[in-house]
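Visitor: Structure provided below as structure tokens; questions to follow.
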Amino acid sequence: MKATSCTRRDFSAIFLFLMVSAFIFVLHHMDILQPQVKSTIVMPRVSPHHIVNRSFCTLQPLSPQDALEERLILDSIAWPETPLLPSPISLEQTTDPAHSTFTILPGRKGGQWHVGDQLEVMIQTFDFQGRPKKSGGDFITARLHNQKLEAGVAGQVVDHLNGSYSAVFSLLWEGDAQVEVTLVHPGEAFSVLDRLNKEQPDRIYFKSVFRSGSLSETTICNVCLRPTIQPLCNFTDLRTGEPWFCYKPKNLGCDTRINHFMGGTTQNIRANEEKLFHSGVNLKVNIRPSGPASVTLLRQKKGQLKVKSGTVTSGPSGYYYQGVWRAVGGLTIHEFNTSAITQCLKGKAVHMYGDSTVRQWFEFLNAALPGLKEFDLHSPKQAGPYISLDFANNILVTSRFHGPPIRIVVVSTSELRYIANELDGLIGGPNTVVVFGIWAHFGTFPMEIYIRRLQSIRRAVVRLLDRAPGTLVVIRTGNPKFLNLFVSLTNSDWHSLQCNNVLRAMFKGLKVHLIDAWEMTLAHHLPHNLHPPPPIIKNMINHLLSYICPQKVG
């Protein structure tokens with residue numbers, strides 16, 4: 001057997017290996033690299049070879065496949081750029097809804113429209129000096145409605161990138177129809193929103209209390225923390241990789257953290273930038289018509305050919321008629337009274353995860369079903385978790401908030417659960433319904449944070465459907481809301497729409513169902529609210545139950 005020899009280089013390599021091993025051993029015993037979520041301390045500056053920089057956010061590198069998906073999604077939702085504004089900012093060259101107009105284009109039948117046709121509206125934007133805009137990028141929504149009939153449908157808006165836009169409406173009911181066009185944000189506002197999310201993702205900050213015996217300290221926490229000389233506690237979830245950090249208390253260990261809560265806001269915008277988010281001026285303001293704002297829809301003709309638009313490639317997900325939401329294509333949405341809801345849910349477990357807009361669904365079912373009794377877990381009122389039981393009909397309904405960031409009341413660290421981990425704990429099957437919605441608490445972060453959260457949830461959904469193919473998974477999208485300056489800068493409708501686009505791309509092709517809360521809110525006559533009012537929630541519940549029970553029961 002041939003003897004082996006060690007060169008000086010070999011001895012150097014062995015020595016280096018032993019030194020590194022010893023260093024790692026020491027770090028483990030100093031609580032710096034412990035493989036638990038708790039008790040982990042990291043220094044605020046990490047080697048750039050191990051992270052992806054987003055301003056001062058440090059995101060762990062993705063697999064090549066996930067990184068490619070992230071890039072493709074970001075490219076697909078890229079918003080049109082607008083010309084740079086002078087400094088200090090003046091509104092003169094920005095979009096003014098008071099000067100802008102919309103015009104109903106003539107129908108193909110000489111001014112007549114029939115149910116089944118499409119109505120096209122041309123929108124021309126002007127600045128505050130009355131000059132036509134030459135660039136696109138404005139966030140415009142459109143609605144066709146008849147309040148007497150309680151009918152409404154969202155329009156599909158197309159940006160022609162030259163200051164003009166088209167809104168296309170599917171004509172779905174007989175009678176009058178009024179066009180409404182709204183400037184949500186001028187295009188010039190998005191450079192501000194995008195910059196804030198990249199430069200100030202910590203403008204809404206969070207806190208945690210650390211406690212041991214009589215000693216208590218409170219520190220700031222977030223997905224992204226600014227580098228300081230103060231070490232960080234690393235609470236990144238080991239299973240999902242979801243990042244979360246707190247500044248380490250001076251006198252306590254990281255494993256003494258007991259809760260999570262919102263700390264406050266510290267956002268700073270540049271001089272006069274608030275003018276771009278002025279209620280009644282350029283924030284969710286209707287654009288006036290240059291001529292008639294309504295049309296009369298005639299009954300659909302026999303043998304009438306379906307009109308295809310050359311402007312848009314997709315239609316609405318549904319519409320309201322007599323206050324009832326009707327899906328367009330595929331699913332028939334039934335109306336469920338109390339007994340029908342009970343019959344539909346009999347023998348089923350419904351697990352809801354997400355933010356307070358999902359909690360609304362839990363609260364609706366609790367109020368609607370007399371046999372469904374909530375068990376008092378002594379949970380915080382807004383945070384949960386919640387559980388309700390109907391023993392007679394073997395119905396279980398649960399609701400739990402998604403993991404941080406959470407902008408609500410104080411939550412115990414023991415109740416901070418990520419959706420992906422919760423899904424991995426489900427057995428699943430044909431009597432299991434999973435509902436989730438996650439969007440409203442991500443409005444201050446770069447979109448990469450949201451994409452990565454959805455990637456971890458999707459992996460869990462795929463695992464669930466692989467082991468229990470009969471499980472029903474329903475996803476609630478985000479919805480438009482009331483906007484003022486603060487809400488615009490921390491949870492804008494634009495960011496919510498972008499989240500919806502990411503959500504659709506992420507779950508496309510999977511055996512899941514979407515409930516389009518965006519269009520269900522936009523098409524309704526009631527004012528927008530983060531928490532849609534009861535008539536909209538009732539229609540959402542009918543939509544959910546129609547997925548659970550396609551053939552109406554009761």
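The values are calculated or read from the model by the stated rules, or taken from the named source; none is laboratory data. Given the structure is predicted, the values throughout are model-derived calculations rather than measurements. Cβ sites come from the backbone with ideal geometry, for glycine too, and all protein chains shown count toward neighbours. Heavy atoms of the whole protein, side chains included, go into the accessibility calculation; ligands, DNA and RNA do not. Shrake-Rupley method; radii C 1.70, N 1.55, O 1.52, S 1.80 Å.
Visitor: Only Lys, Arg, Asp and Glu count, each charged at its Cβ (+1, +1, -1, -1), so figure out the dipole size of the range 184-248 about its Cα centre, rounded to 20 debye.
Guide: On the way: 8 positive and 7 negative charges, 46 e Å.
In debye, rounded to 20, the range 184-248 gives about 220.
Visitor: Given Cβ point charges of +1 (Lys, Arg) and -1 (Asp, Glu) and nothing else, what value in debye, to the nearest 20, does the dipole of the range 433-510 about its Cα centre take? Provide the component values of the computation, followed by the final result.
Guide: Values: 10 positive and 3 negative charges, 56 e Å.
Computed about the Cα centre, the dipole is about 260 debye.
Visitor: What FRET efficiency comes out for Lys552 versus Glu92 if R0 is 51 angstrom and r is the Cβ-Cβ distance? Round to the nearest 0.05.
Guide: Values: r = 57 Å, r/R0 = 1.12.
With R0 = 51 Å, the Cβ-Cβ based efficiency is 0.35.
Visitor: Let me ask something else. With every protein chain kept in place and ligands, DNA and RNA left out, what is the accessible area per residue of the range 424-554? Probe 1.4 Å, answer in Å².
Guide: On the way: 4160 Å² over 131 residues.
Accessible area per residue: 32 Å².
Visitor: Which value, in Å² rounded to 10, gives the accessible area of Thr521 with a 1.4 Å probe and all protein chains present?
Guide: 0
Visitor: Nearest 5 is fine: what % of DSSP beta bridges in the chain come out antiparallel, could you say? Could the numbers behind the result be given before it?
Guide: Working: 72 of 96 bridges.
Percent antiparallel among DSSP bridges in the chain is about 75.
Visitor: Still on this model: Quick one: ranking Met262, Met352 by accessible area, 1.4 Å probe, largest first, what do you get?
Guide: Details: Met262 65, Met352 0 Å².
Largest accessible area first, the residues go Met262, Met352.
Visitor: Taking the Cα centre as origin and putting +1 on Lys and Arg beta-carbons and -1 on Asp and Glu beta-carbons, what dipole magnitude results for the chain, to the nearest 20 debye?
Guide: Dipole magnitude for the chain comes out near 820 debye.
Visitor: For Lys373 paired with Glu199, estimate the spin-label separation in nm (one decimal), with each label point 7 Å from Cα along the Cα-to-Cβ line.
Guide: Modelled inter-label distance: 5.8 nm.
Visitor: Then there's this: On a full-extension model of 0.36 nm per residue, what is the gain between Leu389 and Arg417, subtracting their alpha-carbon distance, rounded to one decimal in nm? Mind showing how you got there, number by number?
Guide: On the way: separation 28, 0.36 × 28 = 10.08 nm, distance 2.17 nm.
Extra length from Leu389 to Arg417 when fully extended: 7.9 nm.
Visitor: Can I ask one more? Working only with C-alpha atoms, what are the Rg and Dmax values of the range 444-554, expressed in angstrom?
Guide: Cα-based Rg and Dmax for the range 444-554 come out at 15.7, 47 Å.
Visitor: A further question on this structure: Apply the a/c threshold of 1.5 to the C-alpha gyration tensor of the range 233-344 and tell me whether it is rounded, prolate or oblate.
Guide: Working: a/c = 3.00, a/b = 1.65, b/c = 1.82.
Oblate, since a/c reaches 1.5 and b/c is not below a/b.
Visitor: What is the log10 of I(q)/I(0) for the chain, computed with the Debye formula using one identical point scatterer on each Cα and no solvent, at q = 0.07, 0.08, 0.11 Å⁻¹?
Guide: The Cα Debye sum returns log10 ratios of -0.48, -0.62, -1.09.
Visitor: Also, quick follow-up: Under a straight-distance cross-link criterion of Cα-Cα below 15 Å, which aspartates and glutamates are reachable from Lys248, leaving out those fewer than 8 residues away in the same chain?
Guide: Straight-distance partners of Lys248: Asp31, Glu217.
Visitor: Next question. Please give me the summed charge of the neighbours of Val115: other residues whose Cβ is under 10 Å from its Cβ, Lys and Arg +1, Asp and Glu -1.
Guide: On the way: positive: Arg299, Lys301; negative: Asp117, Glu174.
Net of charged neighbours comes to 0.
Visitor: Let me check I've understood the local charge: for Val474, count other residues with C-beta under 12 angstrom from its C-beta, Lys and Arg +1, Asp and Glu -1. What total comes out? Display every interim value, and only then the final one.
Guide: Numbers: positive: Arg476, Lys511; negative: Asp516.
Counting the neighbours of Val474, the net charge comes to +1.
Visitor: If you don't mind, there's one more thing I want to ask. Find how much the distance from Leu485 to Ser214 grows on full extension, using 0.36 nm per residue of separation minus their present alpha carbon separation; answer in nm with one decimal. Don't skip to the answer; put the middle values down first.
Guide: On the way: separation 271, 0.36 × 271 = 97.56 nm, distance 4.17 nm.
Length difference between fully extended and current span is 93.4 nm.
Visitor: Among Pro532, Thr444, Val411, whose Cα sits farthest toward the positive end of the charge dipole of the chain (+1 at Cβ of Lys/Arg, -1 at Cβ of Asp/Glu, about the Cα centre)?
Guide: Working it through, the farthest residue towards the positive pole turns out to be Val411.
Visitor: Sticking with this one: Cα centroid distance between the range 319-364 and the range 129-163, in Å?
Guide: Value for the Cα centre distance between the two parts: 30 Å.
Visitor: Any chance you could tell me what percent of the C-alpha pair distances in the range 187-232 go past 18 Å? Let's see the in-between values first.
Guide: Numbers: 498 of 1035 pairs.
So the portion of pairs separated by more than 18 Å is 48 percent.
Visitor: Right, next: Per residue, what accessible area does the range 164-265 have, given a 1.4 Å probe and all protein chains present, in Å²?
Guide: Per-residue accessible area for the range 164-265 comes out at 36 Å².
Visitor: If I take the Cα coordinates of the range 358-460 and project them onto the principal axes, what are the three extents in Å, biggest first?
Guide: Dimensions of the range 358-460 along the principal axes of its Cα atoms: 46, 32, 24 Å.
Visitor: Report, in listed order, any pair from Lys198/Lys508; Lys148/Lys302; Lys346/Lys552; Lys346/Lys508; Lys133/Lys284 with a Cα-Cα distance greater than 20 Å. Each step should come with its number before you reach the end.
Guide: Details: Lys198/Lys508 27 Å; Lys148/Lys302 27 Å; Lys346/Lys552 13 Å; Lys346/Lys508 30 Å; Lys133/Lys284 18 Å.
Violating the 20 Å Cα-Cα cut-off are Lys198/Lys508; Lys148/Lys302; Lys346/Lys508.
Visitor: Still on this model: Could you give the spread of the C-alpha atoms of the range 133-265 along their three principal axes, from largest to smallest, in whole angstroms?
Guide: So the extents along the principal axes, rounded to whole Å, are 71, 38, 28.
Visitor: List the longest stretch of the chain that has no exposed loop site; here a site is one of the chymotrypsin sites (Phe, Trp or Tyr not before Pro) assigned by DSSP to anything other than H, G, I, E or B, with at most 14 other Cβ within 10 Å.
Guide: Here the longest segment lacking exposed loop sites spans 1-390.
Visitor: Heavy atoms only, probe 1.4 Å: what % of the accessible area of the chain goes to carbon and sulfur, would you let me know?
Guide: Numbers: 14600 of 25900 Å².
About 56 percent, which is the carbon plus sulfur part of the accessible surface.
Visitor: Hey, what do the phi angles of the range 82-91 turn into as Karplus ³J(HN,Hα) couplings, whole Hz, using 6.51/-1.76/1.60 and θ = phi - 60°, x for Gly and Pro?
Guide: Once θ is set to phi - 60°, the couplings for the range 82-91 become 10, x, 5, 8, x, 10, x, 5, 10, 7 Hz.
Visitor: FRET efficiency for Val281 and Glu335, Cβ-Cβ distance as r, R0 = 41 Å, nearest 0.05? The partial results should precede the final answer.
Guide: Working: r = 41 Å, r/R0 = 1.00.
Efficiency, rounded to the nearest 0.05: 0.50.
Visitor: Further question on the same structure: Once fully extended, how much extra length lies between Arg226 and Arg108, figured as 0.36 nm per residue of separation less the alpha-carbon to alpha-carbon distance?
Guide: On the way: separation 118, 0.36 × 118 = 42.48 nm, distance 5.90 nm.
Between Arg226 and Arg108, full extension yields an extra 36.6 nm.
Visitor: Restricting the count to DSSP beta bridges whose residues both fall in the range 200-301, what percent are antiparallel, rounded to a multiple of 5? Walk me through the numbers on the way to the answer.
Guide: On the way: 17 of 18 bridges.
Roughly 95 percent of the beta bridges in the range 200-301 run antiparallel, per DSSP.
Visitor: Here's a follow-up. Kindly express, to the nearest 10 degrees and within the range 0 to 90, the angle between helix 534-548's C-alpha long axis and the longest C-alpha principal axis of the chain.
Guide: 70
Visitor: Here's something else I'd like to know. What distance in nm separates the two pseudo spin-label positions at Leu510 and Ile77, each 7 Å out from Cα along the beta-carbon direction?
Guide: 1.5
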